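Since the structure comes first, as C-alpha cells, the remarks are kept for the end.
Since every read-out is calculated from the coordinates, none of them should be taken as a lab result. This structure is a prediction, so every number in the text was calculated from the model and none was measured. We place every Cβ from the backbone using ideal geometry, glycine too, and count neighbours over all the protein chains shown.
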Amino acid sequence: MNRSARAFWLRSPGHGELRDITVPDPGEGEVLVRALFSGVSRGTETLVFRGGVPESQHAVMRAPFQEGGFPGPVKYGYLSVGVVEEGPGALVGRTVFCLYPHQSLYVVPETAVTPVPDRVPAARAVLAGTVETAVNALWDAAPLVGDRIAVVGGGMVGCSVAALLARFPGVRLQLVDADPARAKTAEALGVDFAAPEDALGDCDLVVHASATEQGLARSLELLTAEGTVLELSWYGDRRVALPLGEAFHSRRLTVRSSQVGTVSPARRGSRSYADRLALALDLLADPALDALITGESAFEELPEVMPKLASGETPALCHRITYPPATA
C-alpha cells in the first residue's frame, strides 16, 4: 500500500516548494519513518538554498538521501528525527535520527537510522548531525588538558564545538563572535564570550567556524607559537585570502582542515560512522545544548522560512521544523 507524503524541494536557488510524493511500503531490511522534527542548519543548508555550491564540489556535497542535483531542483537536508512505524520489531515505535531531507514520511534501510537514547528529547535530537561534526573536529584537534582555546564563529557548528570543549578539564576557553547576541548563547553553554578585538591570545588551538575571511585571519592572530587553527568553515564558491606572510612562518603556525565526511584519522581504525553518530546522540543528554535551537516553524511554512534564514532576516543557529501528527 503506497502512502502519500510531502517533501521540501529547492526548485531553483532561492525558491523552495513542498511537493506531494508517494512513499512505498518498506521492504526487507527497511523501515518506514514518520517525521517528528527536522533541523535547518543556517550554514551549509542555506548555502545550498542560495545556490552557492561550486560545481567542483557537487559530488562531495551530496547528502545521503538527496534527490536531484545542485543548484536545483534538489531535495536536500540531513537532520531528521522521527518514529519508526514499520520495520523490524526492535525498531517499531522507537524514536530515531536519520540523515534525511525535510519530508513527512520516508523509507530507508534500517542501518540508516540511529535510535535516540531515552534520556534525549526528540526535539533536541535534531542537533545530532552537528554535534557529530563537533565530535569529529575534536578528534582531529586532539585538545589537551590545560590548553588555551578559542572557537571563532558562534554559529551552529562553532557553538557545538564550544559546548563539548567546555567539558575538558583545565582549559581556558572563549567563544569569539562579532555578534554580541552570541554572548547569551555562550552563557547558556557555560563558555566565556569575547568580541574578536577583545579575544585572549596565545592560544594553543583555535577552532575556526565563522566562514569569513576576517575570522580566519583573526584566528591566526590569536595563536601562540606553533599553535594550530582547525578550519571547520565551508566557504562554498567564495575565495578567501590569508596573511601567510608576517609571522606565519617564523612562528611555525598551522592551518588544518576538518570535515565530517570521513571519520577522523585519529579514530578511523577504532570507530565507525555509526559509532560517531551514536556518541553524538548520547552527548545530547545535556540540556544546555537546547541553546543551539533558536527558532521553530511548522513544516508547511518551510518555503517561506528558508529565504529568511538564508538572508539572515531570521537569525538562527539551528531552526527546528515541526511536522503534523499522523492522521487516522
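Need the full-extension length gain, L242 to A288, defined as separation in residues times 0.36 nm minus the C-alpha distance. One decimal, nm.
Extra length from L242 to A288 when fully extended: 13.1 nm.
Between N2 and D202, what length comes free when the chain is fully extended (0.36 nm per residue of separation minus the Cα-Cα distance, one decimal in nm)?
Full extension from N2 to D202 adds 66.0 nm.
Once fully extended, how much extra length lies between Q259 and D275, figured as 0.36 nm per residue of separation less the alpha-carbon to alpha-carbon distance?
Full extension from Q259 to D275 adds 4.1 nm.
So what's the Cα pair-distance distribution over the range 243-293, bin width 10 Å, in %?
18, 28, 27, 22, 5
Per the helix-only calculation at 222 nm, which mean residue ellipticity applies to the chain, given -39500 (n - 2.57) for every DSSP H run of n ≥ 4 and division by its residues, nearest 500 deg cm²/dmol?
Value at 222 nm, helices only, nearest 500: -6000 deg cm²/dmol.
Quick check on the range 80-237: what does the Kirkwood estimate of hydrodynamic radius come out to from the alpha carbon pairs, in Å?
Every distinct Cα pair counted, the radius reaches 17.1 Å.
What list do you get for V152, V74 if you sort them by fewest beta carbons within 10 Å?
Ordered by Cβ neighbours within 10 Å, fewest first: V74, V152.
Taking the Cα-to-Cβ direction at A326 and at S250 and moving 7 Å from each Cα, how far apart do the two end points lie in nm?
Reported label-point gap for A326 and S250 is 6.8 nm.
For a footprinting-style exposure proxy, rank T114, T224, T185 by other Cβ within 10 Å, fewest first.
T224, T114, T185
Which entry in (1) 5, 22, 26, 23, 16, 7, 2, 0, 0; (2) 6, 25, 29, 21, 13, 5, 1, 0, 0; (3) 6, 26, 34, 23, 9, 2, 0 matches P(r) over Cα pairs in 10 Å bins from 0, in percent derived from the coordinates of this structure?
From the options (1) 5, 22, 26, 23, 16, 7, 2, 0, 0; (2) 6, 25, 29, 21, 13, 5, 1, 0, 0; (3) 6, 26, 34, 23, 9, 2, 0, the structure gives (3).
Compute the separation of the alpha-carbon centres of the range 116-130 and the range 8-82 and state it in Å as a whole number.
Distance between centres, Cα-based: 20 Å.
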